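K.L.:
Supplied in C-alpha cells, the structure appears directly below.
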Amino acid sequence: MSNTEQSPVVWAPTESNLTESRMGQFKTWLEQQGIGPFADYHGLHQWSITELDTFWQKVWDYCGLVSAIPADKVLGKRSMPGTEWFPGMKLNFAANLLRLAEGDHADKEAVVAYCETRPVLRKTYGELKADAGALEVFLHSQGVQKGDRVAGVVTNGYEALVGMLAATSMGAIWSSASPDFGMGAINDRFGQIEPSALIVVNGYGYGGKVFPRQNDFAGLIESLPSLKVVVSVQQLPGEAPVPGERVTTWEQALEAGKGQAPSYTPVDPDHPVYILYSSGTTGKPKCIVHGTAGLLVNHAKELILHGDLGPEDCFLYFTTCGWMMWNWQASALMTGAAVITVDGSPGYPDLNFLWDTVAREKVTHFGTSARFIAGCRKAELIPAKTLDQSHLRMVFSTGSPLLPEDYDWMYTEGAPKALLGSIAGGTDICGCFVGSTPLLPVRRGEIQCRLLGVDAVAYGNDGEPVKQGRGELVCRQPLPSMPVSFWQDPDNERYQDAYFNTFPGVWAHGDFIEFTEHGGAIIYGRSDATLNPGGVRIGTAEIYRQVETIAEVKDSLVVGRQIDGDVEVVLFIVPAAGQTVTRDLINTMKTRIRQGASPRHVPKHIVEVPDIPYTRSGKKVELAVARLINGSTKADNRDALGNPEALDQIRERLIAEDLLPG
C-alpha cells in the first residue's frame, strides 16, 4: 500500500489559501521579480535550498525585518558547524519584535494574559514598548549591560515578555525557566550562565491550587552570587514578595524607568539573544546559545510564511517559560498579532478551558501539544459543535508525534475547518525542520512538508539518503537558527559531539523519520529510543499509535530490554480511570499492535503502572526507563522530570515482575 493510500487528505487548500495566504503572496512576489515560476510548494522548496543565500535575503526583505546596518552578504563561511550568517549586519532583536508598536498600531492589543491567580491583563503595543523601555532603564541603572544574562523564573504572561524585550533591547541575553521547576533544575540552568539580573515570581497557581515559593526563590538568589538586581513579580497577589536586600518589586522597577524608550542597542548578527536548555534528564542540561539574526529570520519564515500570521490575527500557544515554544510564541509580536498567554493547567477548571478561550478571544492561531489533543479525543470533547470557531484558521501541534486518530478527532469534533499543522524541530534550533504550509493538503497522520530553506532528508547508517522508508533526520545545509554555540564550550567540542559526529558536516537531529512520496513526513520517535528486536529497527511512536487509541488505555511508554544478545519490547500501561490491565486487554493490545504494526512490534512484557514519567516540557522519558531496565548505573537527573515519583513506581513494578537485571 502506498503512503498516499494510507494517508487520506483531511484538509485541502482553497484558491484563497493558494493565492492570498502570506506564503502564496511570497511566491507571487518572487515570480514578479523573475524568480521561478513555481508550479507548487515543492518547486518553491527546491529553489529555497538550491539558492540558499537568495532565499534567506528574500525572507528578510518580504517580512520587513529591520537592521541598523545591512549585511555585506547572507552567508560568509558556509560549513557546519560555524556557519556565518549576515556578516557585517548590526541589528536589535527587540526593535524587530516591536517594529509595529508605532502610530495607529500602538493602540492595538499586543498581549492578553490569562492565569489562575490574577485577573485577565490586557496591554497594547504602545504599553508593551513603554514598559520594556522602563524596565531596561532600571536594569541598566543597576549595572546590567550588553552581553549580561537576564534570567527569569516566570510564568507565561506579560512580565516575561517585558523582561525579554528589556533585556534584548540593551543587548543582554534572556534565559527563562518555569516556576514549577525544582530548585535543583533551576540551579542546574542558571548556575551555569551566571546571570546579572533575575526576574522572579513569588509563586504560581496550577489546577486550582496556589504554590507560594518565596522562600525557595530567596534561596535561589543566595546561590547566584553573580546577581546585581532581582525584580519580584506578584503572581500571587495575596502573598509576600520574594525577600532579599537586592529585591525590587515589579512596580518599583517600572516606575524608576518610566518615560524612557527602549535603546534598541545594535549588536552583531551572531550576538546571543537567548540561552535555552536541553531537558537535562541524564545530567546538567546543555546551555544552547541562539544568535540574534538567525533566530529572528527563521522565526519570521515560520510564523509569517508557514503560519500565515499577521497584524489582524490573534495567536495563542499554550506553553510555559521552560519550553522553546515560549520563545517561538514571543516572536509572534513581530507580526503585529495579539498574543494570548495562558498560565496554569490546560485542564482547569476543565479540559474545555483552552477551547473556550479560543472562542472568547476570537483566536485565529491556536497551538498546543499532541498530548493535549489526545486528551481531548479521549475525553470526547466536541468544541466544534459547542463553540464559535469562525475565526480559527490554524491549529499547531508539537511535542510528540500526533496520532492518526487525533487527526480524525480534530476534523470531526475538534476544529474541522482549520489547517492542522503538526510541527517538529526542537530546542536545538528553537524552530522546526518539518511543519505546515497553507499551500498543500493535510494528510491524516502526516506532517505536511519540509520547511522552506530546510534541506532535510532521512539518512541510512551509510550516510546516504534512504530511497524509501525510515532513517535518521538530518539537515544537509545550514539553517540560520542552528545554535551559535553551547555556553562554556570554548572549543565547540560538546556542540560538535551533539550534532555533527554521526555524519561529519551534516546536522543529525536525533529523530527517526520517513519522508513520504508526496513530500510529507512521519516521525517514529527519537533515534536513541528506537527498539531493535531481531535486528529490525522500530520507532516507539509506532507502538503508541496502536495502544493509545484503545479506550481502556490512558497512557503508555515502551522501551527495549536487552537480553541474550537480542531485545525484548517492554510496554508500560497506565489504564484509564476505573480500568485495570486484564488478560483481555493484554490480548486486545497485542492483536492491535500485530495487525496495525507488525508481529515484531508485539511486546514480550506488558506492565501496569500508575503513571508515566515526563520531562517538564511534556515529553515521555523513555531513555531513563530504558537505562533502568537494562541495569545502567548512570544516575538520572530527577530535577528534570515533572513527576520523578513515576520512575520510582516503575522500578517497583519491574522488581515485582522480576524484570530488573540481578
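The values are calculated or read from the model by the stated rules, or taken from the named source; none is laboratory data. None of these values were measured; they are calculated from a predicted model. FYI the Cβ positions are ideal-geometry reconstructions off the backbone, even for glycines, and counts take in every protein chain you see. For the accessible areas, the whole protein counts, side chains as well, though only heavy atoms, and no ligand, DNA or RNA atoms are used. Shrake-Rupley method; radii C 1.70, N 1.55, O 1.52, S 1.80 Å.
K.L.:
Tell me the relative contact order for the chain as a rounded percent, counting alpha carbon contacts under 8 Å between residues six or more apart.
P.N.:
13 percent.
K.L.:
Two decimals is fine: what is log10 I(q)/I(0) at q = 0.12, 0.15, 0.16 Å⁻¹ for region 133-194, from a Debye sum with one equal scatterer on every Cα and no solvent?
P.N.:
The calculated log intensity ratios at q = 0.12, 0.15, 0.16 Å⁻¹ are -0.29, -0.45, -0.51.
K.L.:
Would you check the accessible area of Met89, probe 1.4 Å, heavy atoms only, in square angstrom rounded to 10?
P.N.:
Approximately 10 Å² for this residue.
K.L.:
Give the residue list of trypsin sites (Lys or Arg not before Pro) in region 593-648 that are DSSP loop and have at most 15 other beta-carbon atoms within 10 angstrom.
P.N.:
Lys604, Lys634
K.L.:
For region 38-141, just list the percent of Cα-Cα distances falling in each 5 Å bin from zero outward, please.
P.N.:
2, 10, 12, 15, 14, 13, 12, 11, 7, 3, 0, 0
K.L.:
Now for a different question. Above 11 angstrom, tally the Cα pairs of region 349-391 and express them as a % of all pairs, no decimals.
P.N.:
So the portion of pairs separated by more than 11 Å is 66 percent.
K.L.:
For the chain, what number results from the quotient of the Cα radius of gyration and 2.2 N^0.38 Å?
P.N.:
Normalised Cα radius of gyration, the chain: 0.93.
K.L.:
Cα centroid distance between region 401-449 and region 528-580, in Å?
P.N.:
Between the Cα centres of region 401-449 and region 528-580 lies a distance of 23 Å.
K.L.:
From the alpha carbon gyration tensor of region 449-519, can you work out the equivalent ellipsoid semi-axes (sqrt of 5 times each eigenvalue) and give them in Å, largest to smallest?
P.N.:
25, 14, 8
K.L.:
In deg cm²/dmol, rounded to 500, what helix-only [θ] at 222 nm does the chain give when every DSSP H run of at least 4 residues adds -39500 (n - 2.57) and the total is split over its residues?
P.N.:
After summing the helix terms and dividing by residue count, I get -8500 deg cm²/dmol.
K.L.:
Might you report the magnitude of the Cβ-based charge dipole of the chain about its Cα centre, with Lys and Arg at +1 and Asp and Glu at -1, to the nearest 20 debye?
P.N.:
Once rounded to the nearest 20, the dipole reads 320 debye.
K.L.:
While we're on this one: With Kirkwood's inverse mean 1/r over C-alpha pairs for Rh, give me the Rg to Rh ratio of region 267-346, two decimals please.
P.N.:
Rounded to two decimals, Rg/Rh equals 1.01.
K.L.:
Over region 464-529, what relative contact order in percent results from Cα pairs under 8 Å that are six or more residues apart?
P.N.:
Relative contact order of region 464-529: 36 percent.
K.L.:
Still on this structure, please answer the following. Quick check for me: using +1 on Lys/Arg Cβ and -1 on Asp/Glu Cβ, what's the dipole size of region 6-80 about its Cα centre, in debye to the nearest 20?
P.N.:
Charge dipole, region 6-80, about its Cα centre: 280 debye, nearest 20.
K.L.:
Same structure again: Compute log10 of I(q)/I(0) for region 507-662 with the Debye formula, placing one identical point scatterer on every Cα and leaving out solvent, at q = 0.14, 0.17, 0.19 Å⁻¹, to two decimals.
P.N.:
-0.71, -1.06, -1.32
K.L.:
Another question, if that's okay. Between region 236-252 and region 588-662, how many Å separate their Cα centres?
P.N.:
42 Å
K.L.:
When Rg is the radius of gyration of the Cα atoms in region 267-404 and Rh is its Kirkwood radius, what does Rg/Rh come to?
P.N.:
With Rg and the Kirkwood Rh in hand, the quotient comes to 1.00.
K.L.:
What is the distance, in nm, between label points placed 7 Å from the Cα along the Cα-to-Cβ direction at Trp29 and at Ser16?
P.N.:
The two pseudo-label positions are separated by 2.1 nm.
K.L.:
Output needed for region 512-586: three equivalent-ellipsoid semi-axes, defined as square roots of 5 times the C-alpha gyration tensor eigenvalues, in descending order, whole Å.
P.N.:
The answer is 25, 19, 9 Å, longest axis first.
K.L.:
Additional query: As a test of understanding, state the convex hull volume per residue of region 480-522 from its alpha carbons, in Å³.
P.N.:
107 Å³
K.L.:
Now for a separate question. Say the dipole of the chain comes from +1 at the beta carbon of Lys and Arg and -1 at that of Asp and Glu; which of Trp409, Met23, Ser196 then lies farthest toward its positive end?
P.N.:
Trp409
K.L.:
Still on this structure: Taking the alpha-carbon centroid of each part, what is the distance from region 474-488 to region 503-520 in angstrom?
P.N.:
16 Å
K.L.:
Oh, and also: Over 10 Å intervals from 0, what percent of Cα-Cα pairs in region 154-274 sits in each interval?
P.N.:
12, 44, 34, 9, 1
K.L.:
Accessible area of region 375-437 with a 1.4 Å probe: how many percent of it is carbon plus sulfur?
P.N.:
That share works out to 53 percent.
K.L.:
Given a 1.4 Å probe, how much area per residue of region 186-328 is accessible, in Å²?
P.N.:
For region 186-328, the per-residue accessible area is 33 Å².
K.L.:
Which value, in Å² rounded to 10, gives the accessible area of Leu628 with a 1.4 Å probe and all protein chains present?
P.N.:
Approximately 20 Å² for this residue.
K.L.:
At 0.692 mPa s and 37 °C, plugging the Kirkwood radius over alpha-carbon pairs of region 201-269 into Stokes-Einstein gives what diffusion coefficient in µm²/s?
P.N.:
235 µm²/s
K.L.:
Here is a follow-up. Quick one: 3J(HN,Hα) in Hz for region 74-90, Karplus 6.51/-1.76/1.60 with θ = phi - 60°, rounded, Gly and Pro as x.
P.N.:
So the Karplus estimates, Gly and Pro as x, are 6, 10, x, 5, 9, 6, 10, x, x, 4, 9, 9, 6, x, x, 6, 10 Hz.
K.L.:
Turning to a different aspect of this structure: Of the listed peptides 533-546, 49-62, 68-81, what is their order by residue-averaged count of other C-beta atoms within 10 Å, with the highest listed first?
P.N.:
Peptide ranking by packing, descending: 533-546, 49-62, 68-81.
K.L.:
Same structure again: Using modelled backbone amide H atoms (1.01 Å from N, in-plane), which distant-in-sequence or interchain residues come within less than 5 Å of Gly367's amide H?
P.N.:
Here Leu316, Tyr317, Phe318, Phe396 satisfy the definition.
K.L.:
Take every Cα pair under 8 Å in region 586-662 that's 6+ residues apart, average their separations, divide by the length, and report that relative contact order as a whole percent.
P.N.:
It rounds to 31 percent for region 586-662.
K.L.:
A further question follows. If you count only protein heavy atoms and use a 1.4 Å probe, how large is the accessible surface of Asp497, to the nearest 10 Å²?
P.N.:
Approximately 100 Å² of Asp497 is accessible to the 1.4 Å probe.
K.L.:
How many percent of all Cα-Cα pairs in region 79-199 sit more than 17 Å apart?
P.N.:
That tail contains 63 percent of the Cα-Cα pairs.
K.L.:
Ignoring ligands, DNA and RNA, what accessible area per residue does region 473-604 give at 1.4 Å, in Å²?
P.N.:
Here the residues of region 473-604 average 42 Å² of exposed surface.
K.L.:
Rg/Rh for region 329-406 to two decimals, with Rh computed the Kirkwood way over all alpha-carbon pairs.
P.N.:
Result: Rg/Rh = 0.95.
K.L.:
Now for a different question. Taking just the C-alpha trace of region 369-527, give me its Rg and Dmax in Å.
P.N.:
17.5, 57
K.L.:
For region 474-599, report the % of Cα-Cα distances exceeding 24 Å.
P.N.:
46 percent
K.L.:
Could you give the Stokes-Einstein D for region 1-90 in µm² per second, using the C-alpha Kirkwood radius, 10 °C, 1.306 mPa s?
P.N.:
The estimated diffusion coefficient comes to 102 µm²/s.
K.L.:
How many percent of the accessible area of region 77-182 is carbon or sulfur, using a 1.4 Å probe?
P.N.:
That fraction is 48 percent.
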